[in-house]
Amino acid sequence: MTYSIALIPGDGIGPEVITPATEVLDTIGDASGHVFNYVELEAGGCAIDRTGEPLPKETLEAVKQCDALLLGAVGGPQWETLPGHLRPERALLGLRSGLGVFANLRPAKLLPQLRSACPLKDDVLVSSNSEGKAEFDLLIVRELTGGLYFGERGRSADHRAAFDTETYTWDEIERTLRMGCEAAMGRRKKLCIVDKANVLESSRLWREVAAVVSKAYPDIETSFLYVDNAAMQLVRAPGQFDVIATSNLFGDILSDEASALAGSIGMLPSASLGGPLAKNGRPMGMYEPIHGSAPDIAGKNIANPLGAILSAALMLRYSCGLEKEARAVEDAVSAALDAGLRTRDIAAKGRTAANETIVGAREMGEAVIALLEKTL
Ligand code: NAD
């Protein structure tokens, strides 16, 4: 099959992590006969510099013609003083709403090889893991096209007061919770809905919708947590969670917290789904590592490309229907970690342990490809 992939490397470390990810896809293509045709596009800071707009109309239109979108990251300090509607991050909101991808799936898993990169003590991890292992494996389903990030916002006439609005409709909540339930059915069948229902009216609506949706999934054990408690429970006992479904804002924050527990923000992939099907009849998805453009390390070849490579694996799974190939990529990432290869962010306490070799983004990508080639 031939797949048309929109590619937005973006700003900062975006291009450094997207290059290895596309090389991994090409390796899959060479071995399997599938063809990945890339349509390289601009969004974010680089698009602002060239066109004055974070998301040029042509970019969104071109992405819509593709089977999937693979994105690095956007943003950086040079664009931070621009007014909100012209900042690079607006490109992300425009892509998400423009593609209608309303659910962002963020798997956060502590791989056994990265145990030493997790800041939690063994007994904390073990006590909440049903198999008594110092590991956790959870999935955050974050609502992506509503809530505070899309609500009405503004300033008072004298600019000394500002407001942002959290608004959710029944349908927006229902489709997100259904996505969470479907995900839970393929996992350990536990769904925790995170909200702030003791204070927020919108959260109380989430609970009302959950009561209806959960009736359709009797096999799923549904629970609720206030977001402040959820933030604490994540560091107190991460193994208790299977799927967490939550709003745009809470999902954004909790997934960064979960990423630190998984070793590094550079490890986590994401898939945004739920919009109309692509021309090939499969889900059109937007795939990106959860990290930002990391201006502090950009251009130094020290970024971790594994979140981007694992995002490409999610793309193979959801938008290309290539499950075997997706697993091969995930196994190659795991094998590179088994071999002791580490980018700086996942090295034991930031320095090289006896069995670890610190490598750059390029070298990590090459190692994953070499290991992948052995299995294909
Ligand atoms: P960030 O995720 O870019 O960086 C946070 C910290 O994590 C930094 O210390 C960085 O060096 C480190 N880090 C991030 N990715 C890494 C990787 N792959 N390997 C190793 N270390 C990594 O978040 P930030 O500093 O808050 O934001 C920087 C810029 O990125 C801002 O302009 C922000 O708006 C933007 N941003 C973009 C996205 C996106 O494009 N999806 C997401 C978040 C932030």
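The values are calculated or read from the model by the stated rules, or taken from the named source; none is laboratory data. What you see is a predicted model; the values in this text were computed from it and never measured. Here the Cβ positions follow ideal geometry from the backbone for every residue, glycine too, while neighbour counts run over all protein chains shown. The protein model used for the area step is the full one, side chains on, heavy atoms only, and it has no ligands, DNA or RNA in it. Shrake-Rupley method; radii C 1.70, N 1.55, O 1.52, S 1.80 Å.
Can you bin region 119-261 into rounded, prolate or oblate? Criterion: square roots of the alpha carbon gyration tensor eigenvalues sorted a ≥ b ≥ c, rounded for a/c under 1.5, prolate for a/b above b/c, oblate for the rest.
Verdict is oblate for region 119-261.
How much length is gained on full extension from LYS324 to GLU373, taking 0.36 nm per residue of separation minus their Cα-Cα distance? Write down the numbers at each step before the final one.
Details: separation 49, 0.36 × 49 = 17.64 nm, distance 1.39 nm.
This chain segment gains 16.3 nm when fully extended.
HN-Hα J couplings of region 2-8 from phi, Karplus 6.51/-1.76/1.60, θ = phi - 60°, integer Hz, Gly and Pro as x?
Coupling constants for region 2-8: 10, 10, 9, 10, 6, 10, 10 Hz.
Taking only Cα atoms and a 10 Å spring cutoff, compute GNM fluctuations for the chain and point out the largest among VAL124, VAL101, VAL74.
In this elastic network of the chain, the residue with the biggest mean-square fluctuation among VAL124, VAL101, VAL74 is VAL124.
Please compute the contact order of the chain in relative form: average sequence separation of alpha-carbon pairs under 8 Å and at least six residues apart, divided by the residue count, as a percent.
For the chain, the relative contact order is 22 percent.
Just list whichever of LYS109/LYS374; LYS121/LYS324; LYS64/LYS374; LYS121/LYS300; LYS109/LYS190 have alpha carbons separated by over 23 Å in the model shown. Could you put the intermediate results ahead of the total?
Working: LYS109/LYS374 25 Å; LYS121/LYS324 35 Å; LYS64/LYS374 35 Å; LYS121/LYS300 32 Å; LYS109/LYS190 16 Å.
Beyond 23 Å: LYS109/LYS374; LYS121/LYS324; LYS64/LYS374; LYS121/LYS300.
Ignoring the sites themselves, what is the longest stretch of the chain with no trypsin sites (Lys or Arg not before Pro) in a DSSP loop and at most 16 other beta-carbon atoms within 10 Å?
1-120
Mind checking the alpha-carbon convex hull of the chain and giving the volume per residue in Å³?
Cα-based convex hull of the chain, divided per residue, equals 144 Å³.
Just check region 266-351 against the gyration tensor rule for me: Cα atoms, a ≥ b ≥ c as the square roots of the eigenvalues, rounded for a/c under 1.5, and otherwise prolate or oblate depending on whether a/b exceeds b/c.
Values: a/c = 3.52, a/b = 1.67, b/c = 2.11.
The shape class here is oblate.
Restricting attention to the alpha-carbon atoms of region 1-82, what are Rg (one decimal) and Dmax (integer), both in Å?
Over region 1-82's Cα set, Rg and Dmax evaluate to 13.9, 47 Å.
Please report the spacing between the Cα centers of region 1-69 and region 191-216 in Å, no decimals.
So the two Cα centres are separated by 36 Å.
Starting from the Cα of LYS57, draw a straight line to each of the lysines and keep only those under 19 Å, dropping any in the same chain fewer than 8 residues away.
The reachable lysines, counting only those whose Cα sits under 19 Å from LYS57, number zero.
Relative contact order of region 77-212, please, whole-number percent, based on alpha carbon pairs below 8 angstrom and at least 6 residues apart.
18 percent
Once all Cα-Cα distances of region 12-143 are split into 10 Å bins that start at 0, what whole-number percent is in each one?
Calculated over all Cα pairs of region 12-143, the distribution is 10, 27, 29, 22, 10, 1 percent.
What distance in nm lies between label points placed 7 Å from Cα along the C-beta direction at SER32 and THR169?
Label-label distance for SER32 and THR169, simple model: 3.6 nm.
First measure r as the distance between the Cβ atoms of GLU221 and SER116, then evaluate 1/(1 + (r/R0)^6) with R0 = 35 Å and state the FRET efficiency to the nearest 0.05. Provide the component values of the computation, followed by the final result.
Working: r = 32 Å, r/R0 = 0.92.
Using R0 = 35 Å, I get an efficiency of 0.60.
When the Karplus curve 6.51 cos²θ - 1.76 cosθ + 1.60 is applied with θ = phi - 60°, which whole-Hz ³J(HN,Hα) does each residue of region 141-153 get, with x for Gly and Pro?
9, 9, 5, 10, 10, x, x, 4, 6, 10, x, 5, 9
Heavy-atom accessible area of HIS85 with all protein chains present, probe 1.4 Å, nearest 10 Å²?
My reading of the accessible area for HIS85 is about 120 Å².
By its C-alpha gyration tensor, with a ≥ b ≥ c as the square roots of the eigenvalues, how is region 186-225 shaped: rounded for a/c under 1.5, else prolate for a/b larger than b/c, else oblate?
Oblate, since a/c reaches 1.5 and b/c is not below a/b.
Given the DSSP H assignment, sum -39500 (n - 2.57) over each helix run of at least 4 residues in the chain and divide by its residue total; what's the result at 222 nm in deg cm²/dmol, nearest 500? Let's see the in-between values first.
Details: 12 runs with 148 residues, N = 376.
Mean residue ellipticity, 222 nm, calculated: -12500 deg cm²/dmol.
For LYS196, go through the lysines and keep the ones whose alpha-carbon is under 24 Å away, minus same-chain ones fewer than eight residues off.
Within the straight-line limit of under 24 Å, LYS196 reaches these lysines: LYS215.
Please give me the summed charge of the neighbours of ILE28: other residues whose Cβ is under 14 Å from its Cβ, Lys and Arg +1, Asp and Glu -1.
-4
DSSP loop (so not H, G, I, E, B), at most 15 other Cβ within 10 Å: list which GluC sites (Glu not before Pro) in region 29-100 pass both filters. Each step should come with its number before you reach the end.
Values: sites: GLU40, GLU42, GLU58, GLU61, GLU80, GLU89; in loops: GLU42, GLU80.
Those satisfying the criteria are GLU80.
In a Gaussian network model over the chain where Cα atoms closer than 10 Å are linked, find which of VAL17, VAL333, VAL227 has the largest mean-square fluctuation.
Looking only at VAL17, VAL333, VAL227, the biggest GNM fluctuation is shown by VAL227.
Under 10 Å, Cα contacts only: if you run a Gaussian network model on the chain, which one of LEU139, LEU200, LEU225 comes out with the highest mean-square fluctuation?
Result for the chain, Cα springs under 10 Å: LEU200 fluctuates most.
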